[in-house]
Structure formats: C-alpha cells, structure tokens
Amino acid sequence: KQEVTQIPAALSVPEGENLVLNCSFTDSAIYNLQWFRQDPGKGLTSLLLIQSSQREQTSGRLNASLDKSSGRSTLYIAASQPGDSATYLCAVQGAQKLVFGQGTRLTINP
Amino acid sequence: DAGVIQSPRHEVTEMGQEVTLRCKPISGHDYLFWYRQTMMRGLELLIYFNNNVPIDDSGMPEDRFSAKMPNASFSTLKIQPSEPRDSAVYFCASGFGRYQPQHFGDGTRLSIL
C-alpha cells in the first residue's frame, strides 16, 4: 500500500527566502507525482506534475524534483512571497489511484 | 472558463438524514473523482468515473454511500443515513485522461450533528 509522507507539517519563513518542501513515498511504481496548493476553504490547485520518467519540472518560481528510486520529491520555492502562504500537498499516481500526503502548511511572514 | 462546480458549499444536517452532494465537472473532461478530506485521514479517494461509468468504488466507506453520474455534466454523492463520523469536506475533481492533472472544486463542508 502506497504511503506518502510530507515533512515538516508546518513551516514559517520570512518573505524573500528560498525554501524546500519534502515529500517521500514508499512504492516507486508510480506514473507521476503532483504538487498541489490548497488555500483555506478552497479546493486544490495543481502546481506541477512530474512524469515518472522525468527528473524535474519548473513553473515560474517553483521547481519540483523527483527521485523515483529513493522515493523522494522536493518542491523548491524561490524568493517566497506572502501570497505563497498555503498548504502544499504532494500526491503520487499509482495504477489505481492518486495517493496524497498530509501536506505542509506554509506561512510566509512579511 | 468555469471550473468544477460543487453544491452546496456548506451543509449542516442531523444524524439519520439523507445528504446529497452535487458536482458539475469541467466540460470535455472524461474522468470525475470524489474525495473526502478530514484532519485525521487527509484526502482520500472515494470513487471515480470514466465516461460516466463507475470504475473504482473501493474507497466508498460503507453501503450508506452511493454515487451516480447520469450524464457527462453532472454527478451526485449521496449518504443515507448520515452519521456524525461522515462530517468532512467532500471534493469533486475532473480531468482529461486518467493520469493528467485533476481540477478540483471548492468542496462541500458537511457537518452531521
């Protein structure tokens, strides 16, 4: 059974810092890995999707990496802004379903 | 473009009542997913449809839960009878292709008293 873990559960940093969020998964037989953002009272917004054959994906200030063999992914956020404050979830797509981590609640302090 | 639309946004009802949650997926998407989010268990897949046909309902917790998709633009998730432990946020998501990004609605926050 696939298990996805995100550490830390919460993170608070000053505006302007670069930061890394971590995600680990137990079963490397995945189709892809996705990073989502969730704002309070809202649904999830897909940020980046990395196919199992890829090593990384970039979108603006976001860069996600994938190391399938070690069961790890990171989401790098450059030059953080208060608007980046949200919960970030990673999810791995297996043959059956998308399995989510519990998320990292990120707060960027002005 | 309209995103995934869920209704109601909030529902408060008493234990034992029937609850119906509604979802309108993004036009053209061929997959529809129902998820439940709680603090204890996080986000869990309940059921998903492909071209209106239920494919995997192994995540549906009990027979009290049922889901239908009568056409490509509408799906319902029904709980009958409801229990306090069903309290959660229920999300609907749709996508074009099984392994493509899923687009989520804003969810229905359900409270069973």
Q: Consider B:Glu11 carefully, then state whether it is surrounded by 15 or more Cβ atoms within 10 Å (Cβ to Cβ), modelled with pLDDT of 95 or more, under 14 Å from the mean Cα position of the chain (by Cα) and within 26 Å of A:Gly103 (Cα to Cα).
A: yes
Q) Is there a residue being at pLDDT below 95 and among the hydroxyl-bearing types (Ser, Thr, Tyr) anywhere in region A:58-69? A) yes
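Which ones in region B:68-82 are part of a strand (DSSP E or B) and crowded, with 21+ Cβ neighbours inside 10 Å?
Residues of region B:68-82 part of a strand (DSSP E or B): B:68-71, B:74-79.
Passing the criteria: B:Met69, B:Ser75, B:Leu77, B:Ile79.
For region A:91-109: of the residues being closer than 27 Å to A:Glu17 by Cβ and surrounded by 21 or more Cβ atoms within 10 Å (Cβ to Cβ), which is farthest from the other protein chains (Cβ to nearest Cβ)?
Just the residues of region A:91-109 that are closer than 27 Å to A:Glu17 by Cβ, to begin with: A:91, A:100-109.
Restricting the remaining residues to those that are surrounded by 21 or more Cβ atoms within 10 Å (Cβ to Cβ) gives A:91, A:100-101, A:103-104, A:106.
On the way: A:Ala91: 8, A:Phe100: 4, A:Gly101: 7, A:Gly103: 7, A:Thr104: 12, A:Leu106: 17 Å.
If we take residues in region A:91-109 being closer than 27 Å to A:Glu17 by Cβ and surrounded by 21 or more Cβ atoms within 10 Å (Cβ to Cβ), then A:Leu106 is farthest from the other protein chains (Cβ to nearest Cβ).
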(Q) For region B:26-41, check the following and say yes or no: at least one residue is of a type in the set (D, E, K, R), buried (at least 16 other Cβ atoms within 10 Å of the Cβ) and closer than 29 Å to A:Thr5 by Cα. (A) yes
Q) Scanning for something within 12 Å of the chain's Cα centre (by Cα) and not in a loop (DSSP other than H, G, I, E, B), does region B:48-55 turn up at least one residue? A) yes
Q) What pairs come up if the first residue lies in region B:13-30 and is in contact (Cβ under 8 Å) with a residue 24 or more places away in the chain, the second is among the acidic types (Asp, Glu), and their beta carbons are under 7 Å apart, counting only those six or more places apart or on different chains? A) B:Met15/B:Glu83; B:Val19/B:Glu11
Q: Would you be able to tell me the number of residues in region B:83-113 that are assigned to a loop (DSSP other than H, G, I, E, B), charged (D, E, K, R), facing chain A (nearest Cβ under 9 Å) and closer than 23 Å to B:Met40 by Cβ?
A: 1
Q: Please name all residue pairs, on different chains or six or more residues apart, with Cβ atoms under 9 Å, provided the first residue is in region A:23-45 and is within 7 Å of another protein chain (Cβ to nearest Cβ) and the second residue is assigned to a loop (DSSP other than H, G, I, E, B) and of a type in the set (Ser, Thr, Tyr).
A: A:Tyr31/A:Ser52; A:Tyr31/B:Tyr99; A:Asn32/A:Ser52; A:Asn32/B:Tyr99
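The values are calculated or read from the model by the stated rules, or taken from the named source; none is laboratory data. A quick note: this is a predicted structure, and the numbers were derived from the prediction, not measured. Note that we place each Cβ from the backbone using ideal geometry, even for glycine, and neighbour counts take in every protein chain shown.
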